[in-house]
1. Taking the conditions exactly as written (within 23 Å of residue 124 (Cβ to Cβ), modelled with pLDDT of 90 or more and touching a strand residue (DSSP E or B) at 6+ places or on another chain (Cβ under 6 Å)), does residue 27 satisfy them or not?
2. Among the residues of region 53-101, which ones are without any contact (Cβ under 8 Å) to a residue 60 or more places away in the chain and assigned to a helix (DSSP H, G or I)?
3. If the requirement is being at pLDDT 85 or above, among the β-branched types (Val, Ile, Thr) and over 18 Å from residue 120 (Cα atoms), which of these qualifies: 96, 91, 9?
4. From 45, 35, grab the single residue that is surrounded by fewer than 21 Cβ atoms within 10 Å (Cβ to Cβ), acidic (Asp, Glu) and either farther than 19 Å from residue 107 by Cβ or touching a helix residue (DSSP H, G or I) at 6+ places or on another chain (Cβ under 6 Å) (or both).
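The values are calculated or read from the model by the stated rules, or taken from the named source; none is laboratory data. Since this is a predicted model, take the numbers as computed values, not measurements. Virtual Cβ from ideal backbone geometry, glycine too; neighbours counted across all protein chains shown.
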Amino acid sequence: MQQAEYKTVSVWGLNVRYVEAGNGLVVVMLLGLADSLLSWYCNIDALADARHRVIAPDLPGSGDSEKPYHLEHDPDSAAEFVYDLTQELHVERFSVVGSSAGGLISGLFALEHPEMVEKMALVGSGGFGRRVSWLLRAVSVSVLGDTVYQPRVN
C-alpha cells in the first residue's frame, strides 16, 4: 500500500490542505461542500496502489483548509481555484473525480480547461439541468453576503 502524505500549499493566499499518494498518472479528487478529503481515504489508497498519483484537496472552506472570508463562494470561482492549485502543484494533465458539488466543479473545470482533463468521473454530482437547487444557491452566498451566484444555462 502506498503511503499517503498530508501536505499544505498556498493558493490565492490561503493555506490549502491536501493528500498526495502514489506515482503515475495523476488523479485529482474533488469533494462536495462542507466535506473533507478524508471521505476519499479508501479510494486514495486503491488508486495509489494501481499506479496513480492521487491529489485530494480540501477546497477552501472545507475540511482543514483555510476559510476564504474574502473570496467569492461560487462554483465558477472554485473551478478556477482548482486550475491555480494544479498549476501550483505542477500538474499539466490529469483525470478528475468529482463527488456532489465537486462534480459540478469538475464539470466547470473541464469546460474551461479541456486540454488539461484526461478523463472525468462524476459521483452523485450536483448542478446539472436547468435549475440549481435552492440549497446549492444558499451555500454559494459569500459569508459576508456580498454576492449571490447566479447560475446560467448556455
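1. Yes; evaluated as a whole, the condition is true for this residue.
2. Scanning region 53-101 gives 77, 78, 79, 80, 82, 83, 86, 87.
3. After ruling out the rest, the residue left standing is 9.
4. Result of the check over 45, 35: 45.
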